[in-house]
Amino acid sequence: MPYQYKREPLADDEVNKIANDCNTPKEKLIVWTLLDTGLRVSELSGLSKDNIQWQEKRFVIYGKGGPYGKKQREELFL
């Protein structure tokens, strides 16, 4: 079986360094959203206002195949 690299979570100091290097509040929002939710960059960039459920305080993500793909993956984040 081929070796697969397992990614380890970032240490607290690494997370803080990334967040402190952000220049604008928008950059911090993007970084913290990626770190807190585990979203892929492509999933975050593909978000639209239709994915956000404001009343439930969550958003729906379709990844790895999209909403009509064979390997549909739907995630709900609170």
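Please treat every number below as a calculation from the coordinates, not as lab data. Nothing here was measured: the structure is a model prediction, and the numbers come from that model. No Cβ is skipped: glycine too gets one built from the backbone with ideal geometry, and neighbour counts run over all protein chains shown.
Test of understanding: extend the Cα→C-beta vector of T33 to 7 Å, then name every residue of region 2-26 with backbone N under 12 Å from that spot. Under 12 Å, as judged by backbone N against the label point of T33, lie 26 of region 2-26. Sort region 1-55 into rounded, prolate or oblate with this rule: let a ≥ b ≥ c be the square roots of the eigenvalues of the Cα gyration tensor; rounded if a/c is under 1.5, and if a/c is not under 1.5, prolate when a/b is larger than b/c, oblate otherwise. Cα axes put region 1-55 in the oblate bin. Full extension of the segment from E14 to S48, taken as 0.36 nm per residue of separation minus the current Cα-Cα distance, would add 9.3 nm.
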